[in-house]
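This report concerns only the one structure given below.
Derivation of every value follows stated rules applied to the coordinates shown; laboratory data play no part. Just so it is clear, the structure is predicted and the values come from calculations on it, not from any experiment. Every residue, glycine as well, gets a Cβ built from its backbone with ideal geometry; the counts of neighbours run over all protein chains shown.
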Amino acid sequence: MGGLTSKQAFEEIFEKLQEKDIEAGNHEFWDELWKTKLSVNEIFEVASPAKIRAIIRSKPRNLKTLFTQAVAQLYQVVSSKTKSRI
């Protein structure tokens with residue numbers, strides 16, 4: 001996504017979640033989402049309640065995958081920090 005700001009890239013990703021079926025195994029798509037550098041405020045600006053509701057209506061499976069992916073990301077962060085303390 002050359003030339004786009006992180007926020008614009010994140011907005012495009014959220015548009016894709018509403019428009020296309022995104023498989024859990026599409027690592028390129030999900031990696032792009034998780035590697036986007038945004039502030040918490042920017043994330044909540046883009047992932048607004050209205051956008052989340054739109055995804056629920058149009059592609060509920062994508063939202064389920066998004067949450068599953070988010071939990072997996074959190075697990076990796078917690079696991080890596082736990083291992084470094086041992």
With +1 at each Lys and Arg Cβ and -1 at each Asp and Glu Cβ, the charge dipole magnitude of the stretch 6-85 around its Cα centre, to the nearest 20 debye, comes out at 420
Cα-Cα longer than 25 Å, checked against LYS7/LYS51; LYS20/LYS81; LYS20/LYS51; LYS51/LYS81, kept in input order, equals LYS20/LYS81; LYS51/LYS81
With only helices counted (DSSP H, runs n ≥ 4, each -39500 (n - 2.57)), the per-residue ellipticity at 222 nm for the chain, to the nearest 500, works out to -24000 deg cm²/dmol
Its Cα gyration tensor gives the chain an equivalent ellipsoid whose semi-axes in whole Å, largest first, are 23, 16, 13
Low-density loop trypsin sites (Lys or Arg not before Pro), the chain, at most 14 other Cβ within 10 Å, DSSP non-H/G/I/E/B, are LYS20, LYS35, LYS37
For LYS81 and ASN41, extending 7 Å from Cα along the Cα-Cβ vector and measuring point to point gives, in nm, a value of 2.3
Per the rule of 0.36 nm per residue minus the C-alpha distance, extending GLU28 to LEU4 adds in nm 6.9 nm
